[in-house]
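A short worksheet on the structure shown next.
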Amino acid sequence: QSSFTVTSTTSTTEEKTLTPTIKKTVDDSTMYTSELININYEIYNGESETIKDLVLIFPKQTNLDRIGLTEFQIPSPLGSGEKIILNAIEQIRPKYNGTLYINETILQFKDYQGNEYQVSSNTGTLRIDESYIQGPLFFITKTAEYTQGTILITLDVENRGDTSANIALKDGSKKWSFALDSNKKRKILYTIDPIYNYIELPEAQLTYTYFNKVITAYSEKAIINITLPGTEEEGEQETETTTTTETTTEQETETTQAQETKKEKGFIGFIKFVLNKIFKKGD
């Protein structure tokens with residue numbers, strides 16, 4: 001039995017901290033590309049009080065497909081010192097051979113005062129051996145580009161499996177349904193209104209059915225950074241205004257110095273005039 005342990009990180013409310021622990025195990029010792037893998041969970045409540053309304057939320061990843069549930073609700077409360085074992089509640093289908101990185105699983109729960117908590121597991125890894133890809137296997141990429149005053153979204157879908165399948169593709173409020181044969185690609189383009197600033201557009205997701213199981217594949221998030229029109233020009237104008245202000249200040253300084261010099265010359269001339277008068281009287 002292969003296993004990897006994930007230790008929960010602490011979640012805190014203003015009142016207290018509750019940290020149940022999560023352990024994942026995999027039954028198979030040898031795992032292959034595109035095969036179904038079951039992941040088992042063991043959750044232990046080492047705290048001094050009961051927790052309830054537990055929900056496991058499985059991660060969205062591009063390196064594997066998710067089979068069936070994307071989250072799992074635990075109906076019974078978990079008392080102090082109790083643990084629960086959940087076999088095969090998470091099912092995945094690896095897309096690549098080699099080291100498979102498993103992102104953190106989130107556990108949400110409440111105490112009996114109604115406070116909400118969330119803990120996240122650490123990541124884990126599995127070793128996946130190479131094999132012939134059986135059935136359909138879909139890959140999605142999502143990109144965003146600012147062009148001609150709009151954001152252009154591009155979705156590239158590819159079936160690298162050996163079987164065609166009907167798929168349902170969803171990206172935000174947009175939806176498409178079509179069939180894609182083995183080793184075929186399809187590109188979808190659409191535009192949205194510009195959203196200025198740095199933004200992350202959520203993952204696109206694709207679902208299809210294989211061996212009577214609903215399978216979900218995800219793209220990465222698309223990241224785009226758009227500068228608000230006129231921002232750079234306004235910055236330049238502000239710089240020019242500042243420079244003009246500094247120039248004006250220098251001019252005022254030069255004028256003040258000239259006025260002071262003129263006053264000094266006038267005072268010296270007056271003294272000379274008085275002295276000349278005194279000397280003439282003496283003569």
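The values are calculated or read from the model by the stated rules, or taken from the named source; none is laboratory data. None of these values were measured; they are calculated from a predicted model. Every residue, glycine as well, gets a Cβ built from its backbone with ideal geometry; the counts of neighbours run over all protein chains shown.
Look through Lys95, Lys23 and report the one residue that is touching a residue at least 40 places away in the same chain (Cβ under 8 Å) and among the basic types (Lys, Arg). Please lay out each step first, then the result.
Working: Lys23 fails: touching a residue at least 40 places away in the same chain (Cβ under 8 Å).
Every option except Lys95 fails the conditions.
Mind checking which residues of region 181-208 are polar (S, T, N, Q), surrounded by 12 or more Cβ atoms within 10 Å (Cβ to Cβ) and more than 17 Å from Lys142 (Cβ to Cβ)?
Within region 181-208, just Ser182 meets the criteria.
Search region 98-134 for residues being small (Gly, Ala, Ser), in contact (Cβ under 8 Å) with a residue 60 or more places away in the chain and in a loop (DSSP other than H, G, I, E, B), and hand back the single one that is farthest from Asn45 (Cα to Cα).
Going through the qualifying residues, I end up with Ser131.
Got a sec? Which of Gln113, Gln134, Gln108, Gln91 is of a type in the set (S, T, N, Q) and exposed (fewer than 13 other Cβ atoms within 10 Å of the Cβ)?
Numbers: Gln134 fails: exposed (fewer than 13 other Cβ atoms within 10 Å of the Cβ); Gln108 fails: exposed (fewer than 13 other Cβ atoms within 10 Å of the Cβ); Gln91 fails: exposed (fewer than 13 other Cβ atoms within 10 Å of the Cβ).
The match here is Gln113.
When you scan region 147-178, how many residues do you find that are touching a residue at least 12 places away in the same chain (Cβ under 8 Å), assigned to a strand (DSSP E or B) and surrounded by fewer than 13 Cβ atoms within 10 Å (Cβ to Cβ)?
2
Enumerate the pairs (first residue in region 36-52 and outside the structural domain of Phe211 (by TED's automatic domain parsing) and in a strand (DSSP E or B); second residue anywhere and of a type in the set (Ser, Thr, Tyr) and surrounded by fewer than 16 Cβ atoms within 10 Å (Cβ to Cβ)) with beta-carbon separation below 8 Å, excluding pairs fewer than 6 apart on the same chain, so at least 6 apart or on different chains.
The qualifying pairs are Lys52/Tyr112.
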